[in-house]
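Here's the structure we're looking at; comments come further down.
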Amino acid sequence: MAETSTGNKFYITTPIYYVNGRPHVGHSYTTIAADALARYHRLRGEEVFFVTGTDEHATKVVHAAQAQGLDTREFVDRMAASWQKTWERMHIAYDRFIRTTEAAHVAAVQRVVATLLASGDIYQDEYQGWYCVPCETYFRENELCEGTCPDCHRPVEQVAQPAFFFRTSAYSDRLLAYFEEHPEFIQPETRRREVIAFIEGGLRDACISRQHPGWGITMPEHPEHSVYVWFDALINYLTAVGYPDEQAPTWSWWPPDIQLMGKDILTRFHATIWPAMLMALGLPLPHRLFAHGYWVTDSGDKMSKSRGNVMDPWEVAKDLADLSGATTAVAVDAVRYFLLREVTFGLDGSFSMASLLGRFNADLANDLGNLLNRTLPLLERYREGIIPEPGPGAGGLREAIAQARERVAACLDHVDFRGALEAIWELLAAGNKFVDAREPWRLRREAKQVELDAVLYDLADCLRVVAILVGPFMPVVAEEIWERLGLAGVPPAWKDVEAGRLPAGVRVQVGRPLFPRVDLDRAWQRLEAKQEKTQKVAEDEPKEVAAVTVSYEEFQRLDLRAGKVLEVEKAPGSDKLYRLQIDLGEETPRQVVAGLAENFAPEDIQGKTVVVVANLEPATIRGIRSYGMILAVGEDKPLALVVADQEVPAGSKVR
Ligand code: MSP
C-alpha cells in the first residue's frame with residue numbers, strides 16, 4: 001500500500017458539505033480525520049494544504065432557505081458562517097474554506113464545462129426517465145426502489161427534457177486500466193472492488209445539467225440550463241488551488257495527495273465521474289481516495305439530516321464538559337479522540353454517549369490522566385518541579401518510545417487512525433507500568449537520588465513524546481501537556497519523537513486534572529433529566545408556526561399513510577400518552593407513541609384506519625421508541641382523529 005504523502009507537499013480535501021442543515025457528528029468525522037492527517041503531515045515537516053468547504057447550489061438548500069423565509073443567498077451566507085464556526089470549535093485548522101457560490105468557483109465550473117463542450121465530452125441530448133427532486137438525481141426504471149428513489153425513498157417524477165451529458169461511458173476502460181495500474185488509488189480495498197464492479201456493470205453518460213431553477217451555475221452558452229450540483233461540486237477541488245489559472249502559485253498543489261469522503265459518495269461520484277472528468281481535462285488524478293464508513297445511532301440508523309437523528313458535535317462536547325468538569329476545549333479533543341479511536345477508519349461505527357463516556361473514563365481519565373497526574377505531582381514534590389538530569393534509561397521506556405514512533409508513522413501513512421492511537425496507548429500503558437515497577441516513592445524513601453532522578457526524567461520524557469504524538473488528534477490537550485512540561489514556546493517536531501530530548505532544568509506545572517472522571521450514575525441521571533426537559537418543552541409548548549408556504553415538492557416529502565390501529569395501551573408512567581401498534585402494510589406493525597390518552601379511550605382508536613406520518617424521524621418519548629405520528633384535529637389538544645371514511649389497504653398512500 002502506498003503512503004499518503006508524495007514528497008514534501010500534502011494536499012488533502014474533505015467533501016464540501018451541503019448547507020441545508022448544520023454539521024452533525026457524521027460530517028465532523030470526515031473533517032476531523034482530515035484535520036488529524038493534515039496536522040500529522042505538518043508535524044512531519046511537510047507543506048500542507050487542507051481544503052474543506054460548503055456545497056451551496058443544491059435544490060434542498062433553496063428549500064431550506066424557503067422554510068426559514070430567507071433569501072437563498074442570505075441563507076447560504078449564514079449557513080457557511082455557521083459551518084466555519086463549528087469547525088473552529090472542533091479545532092479544525094484548514095488552509096482554505098471553499099464555497100461553491102464564490103465567483104472564482106463559478107468561473108472555474110464554467111471553464112470546465114466550456115472546455116468539455118468544445119472537446120465533445122459534454123453533448124446535448126434529451127433525458128427521459130425518473131427524477132428525484134430532493135436528491136436531484138435521475139434514475140432508470142430498474143434502479144427505483146418500489147417506485148421510489150433508491151437513496152431517500154421519496155416519490156420520483158417522470159421527466160423528458162433536453163439536457164447535457166458528460167461522456168462518462170467513454171472512460172470506462174481508461175478508468176479500469178488506471179485502477180489496475182494504481183491499486184492504491186481507491187481505498188479501502190473492499191470499496192475498490194465495489195467501484196470496479198460498478199464500472200464493469202456498464203457506465204452510462206452522466207446528465208450534468210438541469211433546467212435552470214434560478215439557483216445554480218448557469219451553463220455557458222445555454223442560460224436556460226444550470227450545471228448539475230454534483231458536477232459543480234466536484235470541481236471545487238480544482239478551484240481551491242487556482243484552476244483554471246495554471247500559473248497561480250497555488251496550482252503547484254495539484255493533484256490532491258488524498259481525498260477523504262464517506263462511502264456513500266465514493267462509487268458514483270468520486271471514483272467514477274470525478275476521475276473521468278480529470279481525464280477529459282487532461283489533468284493528473286488524485287493520488288488516493290479513501291472512503292470511510294457511517295456513524296449510526298445506537299438504534300442502528302445512519303445519522304443523517306434527512307432522518308433528523310443527528311447529533312451536533314459541539315453539543316456533544318459541551319455535554320461531555322458538563323458531565324466531567326473538563327474544559328470544553330478538552331472535551332472537544334475527547335470527541336475527536338473518540339471518533340478516530342472507536343472504529344477502524346473505513347468501517348461503520350455506532351455513536352452513543354455511553355461509549356463516549358466509557359472511553360473518556362478508561363482511556364483519557366485513566367490511562368493518559370493517570371500518567372500525567374502521577375508524574376507531574378511527583379516532580380513537584382520531590383524535585384520542586386524541576387526536570388532532573390536523565391539517567392541510563394533502563395526499564396524499557398525508551399524502547400517503547402521508539403516502537404510507538406514507528407507504529408504511529410506506519411499507521412498514519414496508511415490512514416489507520418485507530419492503529420496509531422492504539423500504539424500511543426501502548427506507550428502510555430508502558431509508562432504507567434514503569435511507575436508501578438520503579439515505585440518512585442520507594443526510591444525517595446530509600447534515598448536513591450540518582451535512580452529517582454532517572455525514573456522521573458524518563459516519565460516526563462515519555463509524556464513529552466505522548467504530547468507530540470497525540471497532537472494531530474487532540475491539539476489542545478497536546479498543547480496543555482506541552483505547557484505543563486515547561487515546553488511552551490518550543491515547537492513540537494517529529495524529530496523530537498525520540499527518548500531523551502526533554503531538556504533537564506525546565507520547570508513543570510501540575511495544574512488541574514485535564515480529564516476529571518465522569519461519575520457514570522450521576523451522568524445518566526443528568527442526561528435523562530435533560531432529555532425529559534427537552535421532551536416536555538416539545539410536548540407542552542405550542543409551536544409558533546412560521547407563516548411560510550411550502551412547495552408541492554416539500555409537501556411530497558411527507559410520507560402519509562393509512563394505518564390500521566391494532567393495539568392501544570397506556571404508555572407506562574404517563575397519563576397523556578398511548579403506545580400504539582399500527583399496521584402500515586409492513587412486515588411488522590409500527591410502534592407509535594401519541595398524546596391521545598387524555599381525550600380518547602383505547603376503544604375510540606382501536607380498529608380505526610388513521611393517517612400516519614410514516615417518515616417522521618424516530619424519537620424516544622418517555623423511554624419508548626416512536627416511529628411515526630398520527631394526524632389529529634385540534635390545536636392544544638386532540639379533538640378528533642383523521643380517519644379514512646372507506647376501507648383501504650393498510651399502508652395506502654395519503655396525498
Ligand atoms: N455535498 C456533497 C459532497 C460533495 S463533494 C464534491 C455531500 N454532502 S453531505 O453534506 O451530504 O455529506 C458530506 C460528507 O459527510 C460525506 O462524506 C458523507 O459521507 C458524510 N456523512 C454524512 N453523514 C454521515 C454519517 N452518518 N456518518 C459518516 N459520515 C457521514 O454529500
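The values are calculated or read from the model by the stated rules, or taken from the named source; none is laboratory data. Note that the coordinates shown come from a computational prediction; the quantities given were computed from them, not determined experimentally. With ideal geometry, Cβ positions are generated from the backbone for all residues, glycine too; neighbour counts draw on all protein chains shown. Remember, those area values only see protein heavy atoms, side chains included, never the ligands or the DNA or RNA. Shrake-Rupley method; radii C 1.70, N 1.55, O 1.52, S 1.80 Å.
Eigen-decomposition of the gyration tensor built on the alpha-carbon atoms of segment 74-209 gives equivalent ellipsoid semi-axes of 29, 23, 20 angstrom, largest listed first. Determine, at each q value in 0.23 (inverse angstroms), the log₁₀ of I(q)/I(0) that the Debye formula gives when each Cα of segment 381-433 is one equal point scatterer. Values, matching the q order: -0.85. With a cut-off of 14 Å between beta carbons, the residues surrounding residue 402 carry a summed charge of -2, where Lys and Arg count +1 and Asp and Glu -1. A crude spin-label estimate for the pair residue 78 and residue 353, with each label 7 Å from Cα along the Cβ direction, gives 2.8 nm. Were the residues from residue 181 through residue 575 laid out at 0.36 nm apart, the gain over their Cα-Cα distance would be 135.1 nm. With all protein chains in place and a 1.4 Å probe, the accessible surface of segment 582-655 carries 49 percent carbon and sulfur. Fully extending the segment from residue 603 to residue 67 would add 189.1 nm, taking 0.36 nm per residue of separation and subtracting the current Cα-Cα distance. Determine the sum of side-chain charges near residue 148: Lys and Arg each +1, Asp and Glu each -1, restricted to other residues whose C-beta is under 15 angstrom from that of residue 148. Overall, the nearby charge balance is -2. Using 0.36 nm per residue and subtracting the Cα-Cα separation, the extra length available between residue 252 and residue 301 on full extension is 13.5 nm. Label-to-label distance, residue 224 versus residue 104, with points set 7 angstrom from Cα along the beta-carbon direction: 3.5 nm.
For q values of 0.11 Å⁻¹, compute log₁₀ I(q)/I(0) with the Debye formula on a Cα-only model of segment 9-292, without solvent. Cα-only, vacuum Debye calculation for segment 9-292: -0.64. Taking label points 7 Å from Cα along the Cα-to-Cβ direction, residue 439 and residue 643 give a separation of 8.0 nm. With all pairs of separate Cα atoms included, segment 557-641 yields a Kirkwood hydrodynamic radius of 12.8 Å. With no solvent and one point per C-alpha, what does the Debye sum give as log10 I(q)/I(0) for segment 48-135 at q = 0.12, 0.18, 0.20 Å⁻¹? So the normalised log intensities are -0.56, -1.01, -1.08.
When Rg and Dmax are taken over the Cα atoms of the chain, they come to 28.5, 93 Å.
Out of all Cα-Cα pairs in segment 350-496, roughly what percent, to the nearest whole number, are more than 27 Å apart?
On the way: 2357 of 10731 pairs.
Across segment 350-496, Cα pairs with separations above 27 Å total 22 percent.
Shape of segment 189-261 from the C-alpha gyration tensor: oblate (a/c of 1.5 or more and a/b not above b/c, with a ≥ b ≥ c the square roots of its eigenvalues). With R₀ set to 60 Å, the beta-carbon distance separating residue 9 from residue 631 gives a calculated FRET efficiency near 0.55. Protection proxy ranking of 600-607, 383-390, by the mean of other Cβ atoms within 10 Å over each peptide's residues and highest first, is 383-390, 600-607.
In the full protein context, the chain carries 43 Å² of accessible surface per residue, based on a 1.4 Å probe and ignoring ligands, DNA and RNA. Ignoring ligands, DNA and RNA, what percent of the accessible area of segment 22-126 is carbon or sulfur (1.4 Å)? Carbon plus sulfur share of accessible area: 44 percent. Helix 475-484 and the longest principal axis of the Cα set of the chain meet at an angle near 20°.
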